Amino acid sequence: MSTDLAATEIPDFMTTLTDAVRKKRDRPSASSVILALLQAETTAKQQRITYPLESLIGDWRLWFTAPRTHLQNGKALGKGLYVPQFAPAQISFSREDKLLISNQIQLGSLRFKLTGSAKYFSKKNLLAFDFNRMQVCLFNRAIYDGKFRSKTMASSFNEQPIAKLPFFAFFLVNEDFIAARGRGGGIALWVRN
């Protein structure tokens with residue numbers, strides 16, 4: 001079943017998440033954003049919402065993150081934070097002859113970037129990946145660009161079961177922002193660059 005949450009009646013959690021990514025001032029509290037993300041995740045599971053890979057392609061700036069959070073008795077447990085603007089983090093998905101992922105963070109003039117292969121399981125909205133290259137740049141000049149110790153050998157990535165790979169389980173995707181839970185249990189909200 002493929003559904004777009006934004007196309008139906010707008011649930012309260014969508015209003016909270018939209019305010020979180022659009023407002024510079026008076027944005028929702030971290031606990032409100034966590035609750036909204038958990039409600040979006042629950043809704044996506046209940047409605048069996050699926051998203052096509054094409055909706056993920058592009059560059060996404062990490063906006064909010066909450067490690068190891070969950071619902072208990074209707075309350076959101078865990079702490080989260082808006083990612084500071086002075087340390088932008090970005091995830092990118094591109095498709096050339098295969099699906100590629102890159103993840104980077106920048107602190108002043110220093111940029112750290114990981115790239116690798118990815119595969120998408122649309123029935124479960126799972127994007128498994130394996131970083132195998134690392135680049136470190138200072139003032140936009142590469143000071144290291146080479147192999148990165150990966151979970152698998154690049155040649156065997158496609159044969160690896162998802163249980164052995166890091167992944168994101170996407171539960172909310174629209175043209176402005178995406179949200180997913182990582183293999184480690186944390187949830188994140190990214191906005192389109």
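The values are calculated or read from the model by the stated rules, or taken from the named source; none is laboratory data. If you're wondering where the values come from, they're calculated on a predicted model, not measured in any experiment. So basically every Cβ, Gly included, is an ideal-geometry build from the backbone, and we count neighbours across all protein chains shown. Note: accessible area is taken over every heavy atom of the protein model, side chains too, but ligands, DNA and RNA are not part of it. Shrake-Rupley method; radii C 1.70, N 1.55, O 1.52, S 1.80 Å.
A few points about this structure:
- Simple Cβ-charge dipole of the chain, Lys/Arg +1 and Asp/Glu -1, about Cα centre, in debye nearest 20: 660
- Degrees, to the nearest 10: 30-47 long Cα axis against longest axis of the chain: 90
- Extreme residue, positive dipole direction of region 16-76, given options Thr69, Thr43, Ser32 (C-beta unit charges): Ser32
- The chain, accessible area per residue, ligands and nucleic acids excluded (1.4 Å, Å²): 58
- With N counted as the residues of region 24-108, its alpha-carbon radius of gyration over 2.2 N^0.38 Å works out to 1.30.
- Shown for region 44-125: the carbon plus sulfur share of the solvent-accessible area, taken with all protein chains present and a 1.4 angstrom probe, equals 54%.
- Proximal aspartates and glutamates to Lys75, defined as alpha-carbon separation beneath 15 angstrom and excluding residues fewer than eight positions away on the same chain: Glu41
- The alpha-carbon positions of the chain define a convex hull whose volume is 129 Å³ per residue.
- Between helix 12-22 and the chain there is an angle of about 50 degrees, using the helix long axis and the longest principal axis of the Cα atoms.
- For region 85-193, the normalised intensity computed at q = 0.16, 0.19 Å⁻¹ comes to -0.80, -1.10 (log10 of I(q)/I(0), Debye sum over alpha carbons, equal scatterers, no solvent).
- Dipole magnitude of region 61-162 about its Cα centre (Cβ charges: Lys, Arg +1; Asp, Glu -1), debye to nearest 20: 260
- Rounded to whole Hz, the Karplus (6.51, -1.76, 1.60) HN-Hα couplings of region 166-183, x for glycine and proline: x, 7, 10, 9, 6, 10, 8, 9, 9, 6, 9, 7, 10, 9, 8, 10, x, 4
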